[in-house]
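The values are calculated or read from the model by the stated rules, or taken from the named source; none is laboratory data. Treat the numbers as computed from the prediction; the structure is a model and nothing was measured. Note that each Cβ is placed from the backbone with ideal geometry, even for glycine, and that neighbours are counted across all protein chains shown.
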């Protein structure tokens, strides 16, 4: 499809599933004529009830400097609920 200039704000979410699961869904839709509703969820290990995150950058990278400077104040707000490395 060609974007006529009005589709730049549209995001279509996507995720990968196994071929086996995809075949089950396709079979239900095509052969049985069923409506299919899919829900995605996952469990992340959280042994200490904190969110862990990392920031990867290099000293010569200037594009994210403004973000880094403003993020430090936001990161302090989370206190003991996050682990930054």
In the stretch 53-63, what residues are closer than 25 Å to residue 80 by Cα, without any contact (Cβ under 8 Å) to a residue 24 or more places away in the chain and surrounded by 10 or more Cβ atoms within 10 Å (Cβ to Cβ)? 57
Does the stretch 9-52 hold any residues that are surrounded by 10 or more Cβ atoms within 10 Å (Cβ to Cβ), modelled with pLDDT of 80 or more and in contact with a helix residue (DSSP H, G or I) (Cβ under 9 Å, 6 or more places away or on another chain), and which are they? 17, 36, 50, 51
